[in-house]
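The structure appears right after this line, and notes come after that.
The values are calculated or read from the model by the stated rules, or taken from the named source; none is laboratory data. Source: prediction; values computed, not measured. Glycine gets a Cβ as well: all are built from the backbone with ideal geometry, and neighbour counts include every protein chain shown.
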Amino acid sequence: MNQSHKRMAKAGVVALGAMSPVAVLAADNPFGTAAQNQYLGAVQGQSGLVGTGDSLPGMIGRIINIALSFLGIVLLFYLIYGGFKWMTAGGEQKGVDEAKTMIRNAIIGMIIIAASYAISSFVVTRLVNVVGT
């Protein structure tokens with residue numbers, strides 16, 4: 001793969017990141033903050049962010065869940081990068097093997113993260129029930 005193809009691929013990744021939905025979150029709200037505040041309590045209650053802030057096990061559980069979610073996102077990008085490497089290997093067996101290893105490791109990591117998330121959620125729920133809020 002020559003330099004111009006690599007440069008175009010990098011520019012495509014940067015452009016994709018620039019057009020991501022995260023940039024939309026910075027946009028002004030046409031409805032103002034009154035509409036946000038009206039439904040904030042309902043959304044907090046449904047998302048599970050209310051009620052565990054009083055207890056230490058609940059806060060620890062939230063921190064663990066946030067960390068595991070972040071790791072899952074990192075592994076998703078690692079998986080996508082492995083697929084990108086496979087597509088751009090250009091028929092080289094070494095590049096394809098490296099990409100397959102990356103994809104396999106990312107999938108194994110996602111399975112481990114999902115199991116950790118389930119186990120920590122179960123343990124923290126039981127701990128909050130025992131300790132109380």
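Looking at A106, A118, A99, which is the one that is surrounded by fewer than 16 Cβ atoms within 10 Å (Cβ to Cβ) and either more than 21 Å from the chain's Cα centre (by Cα) or without any contact (Cβ under 8 Å) to a residue 60 or more places away in the chain (or both)?
Values: A106 fails: surrounded by fewer than 16 Cβ atoms within 10 Å (Cβ to Cβ); A99 fails: surrounded by fewer than 16 Cβ atoms within 10 Å (Cβ to Cβ).
None of the others qualify; the one that does is A118.
So, in region 92-133, exactly how many residues are modelled with pLDDT under 90 and not in a helix (DSSP H, G or I)?
Total satisfying the criteria: 2.
Residues in region 19-36: is at least one surrounded by 11 or more Cβ atoms within 10 Å (Cβ to Cβ), under 22 Å from N129 (Cα atoms) and modelled with pLDDT under 65? Quick ask: steps written out before the conclusion?
Pass one, region 19-36, residues surrounded by 11 or more Cβ atoms within 10 Å (Cβ to Cβ): 35-36.
Those left that are additionally under 22 Å from N129 (Cα atoms): none.
No - not one qualifying residue is present in region 19-36.
Could you check region 82-113 and list, in sequence order, the residues that are small (G, A, S) and within 16 Å of A9 (Cβ to Cβ)? Break it down stepwise before answering.
So the first thing to find is which residues in region 82-113 are small (G, A, S), and the list is 82-83, 89-91, 95, 99, 106, 109.
Matches in region 82-113: G82, G83, A89, G90, G95, A99.
Is it true that A89 is crowded, with 16+ Cβ neighbours inside 10 Å and without any contact (Cβ under 8 Å) to a residue 12 or more places away in the chain?
On the way: crowded, with 16+ Cβ neighbours inside 10 Å: yes; without any contact (Cβ under 8 Å) to a residue 12 or more places away in the chain: yes.
Yes: the conditions hold for A89.
Is there any pair with a first residue in region 66-84 that is of a type in the set (F, W, Y) and a second that is at pLDDT 90 or above whose Cβ atoms are under 6 Å apart and which are 6 or more apart or on different chains, and what are they?
Y78/A106
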